[in-house]
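One structure below.
Computed from the coordinates by the stated procedures, all read-outs in this text should not be read as laboratory data. What you see is a predicted model, and the numbers here were worked out from it, not measured in a lab. Glycine gets a Cβ as well: all are built from the backbone with ideal geometry, and neighbour counts include every protein chain shown.
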Amino acid sequence: MKELLNLFLTFARIGALTFGGGYAMLPILQRELVDQRKWVTEEELMDYFAIGQTTPGVIAVNTATFIGQKRKGTLGGAIATLGVVFPSIVIISIVAMFINNFADSVILQNAFAGIRVSVYVLILNAVLKLWKSAIVDKIGIIIFIAIFSLSIFTNLSPILFIVGAGLAGFIAKRQQGVVS
Amino acid sequence: MIYLRLFYEFLQTGLFAVGGGLATLPFLYDISDRTGWFSYGQLADMIAISESTPGAIGVNMATYSGNMVAGIPGGIIATLGLITPSIVIIVIVAHFLNKFKTNEGVQGVFYGLRPASTALIAAAGFSVVLIDLVDFDLFRQTGSFIQLMNWRALFLAIVLYILANHIRATKQLHPVIFIAFAALVGIIFNFGLN
């Protein structure tokens, strides 16, 4: 019980200290879990993080589940995950309330019109960064162009694209394996 | 039952969004298309708030969108929906960790998934930029090419891009600083009025 509470509090602390995406969480995880608490080794943490990136879901949540599960089994995984999302729920609920009350404010509207522009630039940067690691050959470029255009010109669900691309990757790798 | 629907929608998002927080973005646009719970403009605001508050972006966006639909319980339920697939999948994967890493079939699937996930995020960004920065209605009314684009916003975007990628002194700055800077520019130059 004490151990579970400790898991929850540790991951709540990590959630509250993370600004931005899962990638921003890595240095905090290293400090809190490897250096201070010695719950996992550096190598284990990198493995969890890599798998967290390639399995469905938010990276921060996946990594928390992994480490919690290693400490205290399935229940530990669930508790660590609840811990890492707890600060988000509290902070965002407060922020949302505040913004709804000031939705008519001209200053707020102007601020958000400016902020939206910065968000577009941040998304563009994220895509460029992903491009370097995700698209390694011609097949990658074909998949990118196909899904990008389908997603813009049709109303099909993204689920369809994800399943289709996974299947295409599986078949492509298998064929390469047969040839070589 | 709005709570059940919220849980289900975010369960799907958590199950199919591969590659981190921003990968949930195309699914949020899809939810917006199908349910009308929030507009694209509101989504852009949510991203900005999620980037500039503590917590993982994907989790913050789920809490925020749930909150907009059904208040504080909505935010909690959307978040629980988002994390449920992660817990199930990771607990399973943890049992097969070593096999999972080296399995060729699994590697093949991810070889296809990574470019797809990148394309989905790019497409989501592209459609929202089109709505916010390009004004086709005004262009049709006036026939003036100058009014087709929101030039001030485009200029700010270019400045931010250069600061974030090409100026050594500002390259390493945290995204929150760019967001704050853009907010300030928006207030000073009345960006909301267009």
For residue B:56, distant residues with modelled amide H under 5 Å away: none
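In debye, nearest 20: dipole of the protein assembly as shown around its Cα centre with unit charges on the Cβ of K, R (+) and D, E (-)?
Working: 23 positive and 18 negative charges, 143 e Å.
Around 680 debye, computed over the protein assembly as shown.
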Cβ-derived FRET efficiency at R0 30 Å, residue A:74 paired with residue B:5, nearest 0.05: 0.65
Rounded to the nearest 10, the angle in degrees between the Cα long axis of helix B:175-188 and the longest principal axis of the Cα atoms of chain B comes to 30 degrees
Relative to the longest principal Cα axis of chain B, at what angle does helix B:25-35 sit, 0 to 90 degrees, rounded to 10? 80 degrees
Give the residue from B:141, A:55, B:131 lying farthest towards the positive end of the charge dipole for the protein assembly as shown; charges sit on Cβ (+1 for Lys and Arg, -1 for Asp and Glu) and the dipole is referred to the Cα centre. A:55
Stretched out fully, how many nm does the piece from residue A:128 to residue A:149 gain, at 0.36 nm a residue minus the Cα gap? 5.8 nm
Dipole magnitude of chain B about its Cα centre, charges +1 at Lys/Arg Cβ and -1 at Asp/Glu Cβ only, in debye to the nearest 20? 440 debye
Per-residue Cβ contact counts at 10 Å, fewest first, order B:142, A:81, A:18 as B:142, A:18, A:81
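Order these by the 10 Å Cβ neighbour count, fewest first: A:61, A:127. Write down the numbers at each step before the final one.
Working: A:61 31, A:127 20.
Ranking A:61, A:127 by Cβ neighbours within 10 Å, fewest first, gives A:127, A:61.
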Which residue fluctuates most in the GNM of chain B (Cα springs below 10 Å): B:158, B:57, B:49? B:158
Could you run the Debye sum over the Cα atoms of the range B:65-194, one equal point scatterer each and no solvent, and tell me log10 of I(q)/I(0) at q = 0.12, 0.15, 0.22 Å⁻¹, two decimals? -0.87, -1.08, -1.23
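What's the longest bit of chain B with no exposed chymotrypsin sites (Phe, Trp or Tyr not before Pro), using DSSP loop states and at most 16 other Cβ atoms within 10 Å as the test?
Values: sites that count: B:96, B:189.
Between exposed loop sites, the widest span is B:1-95.
Could you tell me which helices of chain A pass both thresholds, a Cα extent of 20 Å or more along their own axis and a mean Kyte-Doolittle hydropathy of at least 1.6, with helices taken as whole DSSP H runs?
Numbers: long enough: A:2-17 (23 Å, 1.01); A:59-101 (43 Å, 1.15); A:106-134 (41 Å, 1.26); A:138-153 (22 Å, 2.48); A:158-179 (31 Å, 1.19).
Both cut-offs are met by A:138-153.
Tell me, what is the FRET efficiency for residue B:146 and residue A:136 to the nearest 0.05, using R0 = 35 angstrom and their Cβ-Cβ distance as r?
Details: r = 42 Å, r/R0 = 1.20.
The pair residue B:146/residue A:136 has a calculated efficiency of 0.25.
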Under the 7 Å Cα-to-Cβ spin-label approximation, residue A:9 and residue A:43 lie apart by a distance in nanometres of 3.2 nm
May I ask for the angle, rounded to the nearest 10°, between helix B:40-51 and the longest principal axis of chain B, with both axes built from Cα atoms and the value confined to 0 to 90°? 70 degrees
What is the distance, in nm, between label points placed 7 Å from the Cα along the Cα-to-Cβ direction at residue B:155 and at residue B:136? 2.7 nm
Going by Cα centres, the range A:127-180 and the range A:51-65 are how many Å apart? 21 Å
Please find, in a Gaussian network model of chain B (springs between Cα atoms separated by less than 10 Å), the residue of B:71, B:105, B:21 whose mean-square fluctuation is greatest. B:105
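Fewest Cβ neighbours within 10 Å first, please rank A:104, B:33, B:45 accordingly.
On the way: A:104 7, B:33 11, B:45 22.
Going from least to most buried by this count: A:104, B:33, B:45.
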Among A:94, A:147, A:115, residue whose mean-square fluctuation peaks in a GNM of chain A (springs only between Cα atoms under 10 Å): A:147
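Relative contact order for the range A:2-101: what percent, with Cα pairs under 8 Å and sequence separation of 6 or more?
Numbers: 108 pairs, mean separation 34.8, N = 100.
Across the range A:2-101, relative contact order equals 35 percent.
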How large is log10 I(q)/I(0) at q = 0.12 Å⁻¹ when the Debye formula is applied to the Cα atoms of the protein assembly as shown, each weighted equally and without solvent? -0.92
Normalising by the residue count of chain A, find the relative contact order in percent from Cα pairs under 8 Å and 6+ residues apart. 18 percent
